[in-house]
């Protein structure tokens, strides 16, 4: 929960007016209450609008939830599902995340599926097992082909907001595993799906992270609140390996 209408206007104006986006695709995901405002700011720009979450249900008596149709109605084209904070703080489990993924796609929203392990799971050698479980829940419900219209973000929980990021080699190991897991069901989709890294991505480490063969960009957290820092990360993504 960050931002205000004033802060958002300054940040989005800086992003939209920048000539440093290059070849990188860029999406901003403000809190629900600011989506309509930011949609107006992004009009006629190349920057896409996404939501930080999406409800699993299409409509009904689910007070406080926001449906995929509502998000489309205000201009969203993407929605994050299964963010680590939703999983850890609000108890969202793999089946629920899979349903949110399917709900997003049912309204032509591109889901950004977050997967990743806690520090305890990494130290126990369970990183691949946890990520496989999270991926399989979505593929079992929606099919591997669904990743042809989705994005995956690997976010090691132990690196989010801590200032500690996975090393480029650690990130590449998990990204390569994700691609291989999908390849086991659909080789074509595995080669095409974009896999982002999210976990204390900063201007200072973005280029090295993005140079890894299976790292296709970043899911940026705190650094996205500073225009100069965020644009430097976008520029690193646009340069490619």
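Given the criterion in a helix (DSSP H, G or I) and surrounded by 22 or more Cβ atoms within 10 Å (Cβ to Cβ), identify the matching residue among 190, 236.
On inspection, the qualifying residue turns out to be 236.
Out of all the residues in segment 212-227, which are in a helix (DSSP H, G or I) and in contact (Cβ under 8 Å) with a residue 40 or more places away in the chain?
Residues satisfying the conditions are 222, 224, 225, 227.
Scan segment 137-153 residue by residue and report those that are surrounded by 16 or more Cβ atoms within 10 Å (Cβ to Cβ), touching a helix residue (DSSP H, G or I) at 6+ places or on another chain (Cβ under 8 Å) and not in a loop (DSSP other than H, G, I, E, B).
137, 138, 139, 142, 144, 146, 147, 152, listed by residue number.
Could you tell me how many of the residues in segment 172-206 are touching a residue at least 40 places away in the same chain (Cβ under 8 Å), closer than 22 Å to residue 225 by Cβ and touching a strand residue (DSSP E or B) at 6+ places or on another chain (Cβ under 6 Å)?
Within segment 172-206, residues that are touching a residue at least 40 places away in the same chain (Cβ under 8 Å), closer than 22 Å to residue 225 by Cβ and touching a strand residue (DSSP E or B) at 6+ places or on another chain (Cβ under 6 Å) number 3.
From 181, 133, 185, which residue is more than 17 Å from the chain's Cα centre (by Cα), surrounded by fewer than 24 Cβ atoms within 10 Å (Cβ to Cβ) and assigned to a loop (DSSP other than H, G, I, E, B)?
185
Can you find a residue in segment 60-71 that is more than 26 Å from residue 222 (Cβ to Cβ), touching a residue at least 24 places away in the same chain (Cβ under 8 Å) and touching a helix residue (DSSP H, G or I) at 6+ places or on another chain (Cβ under 8 Å)?
Yes: one or more hits.
Any residue in segment 154-167 that is surrounded by 17 or more Cβ atoms within 10 Å (Cβ to Cβ), at pLDDT 95 or above, assigned to a helix (DSSP H, G or I) and more than 13 Å from the chain's Cα centre (by Cα)?
Looking for residues that are surrounded by 17 or more Cβ atoms within 10 Å (Cβ to Cβ), at pLDDT 95 or above, assigned to a helix (DSSP H, G or I) and more than 13 Å from the chain's Cα centre (by Cα), one finds none in segment 154-167, hence no.
Out of curiosity, is residue 124 closer than 20 Å to residue 159 by Cβ and surrounded by fewer than 23 Cβ atoms within 10 Å (Cβ to Cβ)?
Spelling it out, residue 124 is indeed closer than 20 Å to residue 159 by Cβ and surrounded by fewer than 23 Cβ atoms within 10 Å (Cβ to Cβ).
Given 12, 28, 66, which one is surrounded by 18 or more Cβ atoms within 10 Å (Cβ to Cβ), under 19 Å from residue 234 (Cα atoms), over 15 Å from the mean Cα position of the chain (by Cα) and modelled with pLDDT of 95 or more?
Sole residue among the options that is surrounded by 18 or more Cβ atoms within 10 Å (Cβ to Cβ), under 19 Å from residue 234 (Cα atoms), over 15 Å from the mean Cα position of the chain (by Cα) and modelled with pLDDT of 95 or more: 12.
If you check every pair at least six apart or on different chains, which have Cβ atoms under 6 Å apart with a residue in segment 129-144 that is closer than 14 Å to residue 183 by Cα first and a residue that is in a helix (DSSP H, G or I) and modelled with pLDDT of 95 or more second?
132/181; 135/181; 144/182; 144/189
May I ask you to list the residues in segment 15-24 that are more than 21 Å from residue 222 (Cβ to Cβ) and surrounded by 12 or more Cβ atoms within 10 Å (Cβ to Cβ)?
Within segment 15-24, just 22 meets the criteria.
Say we look at segment 208-233 and pick out the residues that are touching a helix residue (DSSP H, G or I) at 6+ places or on another chain (Cβ under 6 Å) and farther than 25 Å from residue 147 by Cα; which of these is surrounded by the fewest Cβ atoms within 10 Å (Cβ to Cβ)?
208
The values are calculated or read from the model by the stated rules, or taken from the named source; none is laboratory data. These numbers were taken from a predicted model, which means no experiment stands behind them. Glycine gets a Cβ as well: all are built from the backbone with ideal geometry, and neighbour counts include every protein chain shown.
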